[in-house]
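The block underneath contains the structure these notes are about, expressed in structure tokens.
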Amino acid sequence: MITLSQDPCPRRPGPGRPASPRLRRAALALLLLSGSGCAGAPEGGREGVPVAPVQVAQEAGRHEYSRPAMGVHARIVLHTPDRAHAEAAARAAFEEIARLERLLSDYDETSELRRLEERLQVGVWTELSPAMLEAWTIAVRLATETSLVCDPTLGAVTRRWREARAAGAPLSEQEIASLRSATGLTLIDLDRGRGRLRVRAPGVRFDFGGIGKGLAADAALRVLRARGCPAALVDVGGDIACGEPPPGRDGWVIGLDRGAGEEEVRVTIARCGIATSGDREQGLDVDGVRLSHIVDPNSRQPLRDAPQLTVLAPDAARADAWATALSVRPDLAAGIRGRPGYRVWIEGE
């Protein structure tokens, strides 16, 4: 769990939000304490209506808003003296999150990603929109950085495991084997210069779940900066993008719940991203074994009893990708712990 506090006292916040059946991560509620009071449950909203302010006792110039997005609750905290300015900036940022959802959702059959799948033909180049090209460029880069663990071509596998979790029964070895021919980064070619993509095999499906919420948080934070609100934080279902610190503070105080029996760790951060991964919220229990919602791209099977871990990175997309990757390959942590701008906390360490 990640919690955010602007109050240095050791009070613990209450529940942040109800668990969503589409929540991909473990215990990712962002719980907020203002300088003088605790946040209650966030109020919802929908696209096309005003954002909902969270009803808490606010510091002067501090504004907090919440809206359902990407199957979770997105939350924005920003600092600006003008309330009307804050609401306009938050609304624009939520609209940017909604744009990313329309672009990359693998749940929504009308999303641009799903429509791209329908247009693809084996061996034939398909033109990408500028927004889709940017997303694919980032996805391929992060797949390479994470040793192909965070693979956007796993859609055929992740969708079948999603159905299996809903049905309460695991996939058979035979069905898993049948999906192998439709997954793997080697099955796509991305021509960045001409903005196009092609597939090398039939049945390839896409899943940007490993980076989608991080991408949306980063994009929303850029909108807030452009709107004159650099001291801001965006949380999309626990994938968090932090901007400049709140006025008069060194950074945003983040509390990390490191797992059962371990004390919360608090860190002060700014101008970065942070994400947590695990299987507390979603998974499938089979014969006493916890099968995670996170799929190993090598075995095409869910992780078993995945540890909870948190990654701090230069931006939310990279934190999102690495949190997923380290759940599959904890040994990769040694390679990023020494990099500037990265920190890793793994349950039990």
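Just so it is clear, none of the values below were taken in a lab; they were calculated from the coordinates. The model shown is predicted, which means the values in this text are computed figures rather than measured ones. Don't worry about glycine lacking a Cβ; one is built from the backbone with ideal geometry, like all the others, and counts go over all protein chains shown.
The convex hull around the C-alpha trace of segment 112-199, projected and averaged over every direction, spans 6.5 square nanometres. Shown in residue order for segment 183-192 are the 3J(HN,Hα) couplings computed by the Karplus curve 6.51 cos²θ - 1.76 cosθ + 1.60 at θ = phi - 60°: 9, x, 5, 5, 8, 10, 10, 10, 9, 5 Hz (x for Gly and Pro).
Counting beta carbons within 10 Å around each of 149, 253 and listing the fewest first gives the order 253, 149. Computing FRET efficiency as 1/(1 + (r/R0)^6) for residue 189 and residue 250, where r is the C-beta to C-beta distance and R0 is 35 Å, gives about 0.15.
Counting every other Cβ atom within 10 Å of each residue's Cβ, 70, 132 order from fewest to most as 132, 70. Using a Förster distance of 30 angstrom, determine the FRET efficiency expected from the C-beta separation of residue 129 and residue 88, and round it to 0.05. The value I calculate is 0.65. By other beta-carbon atoms within 10 Å, ranking 151, 106, 239 with the fewest at the front produces 106, 151, 239.
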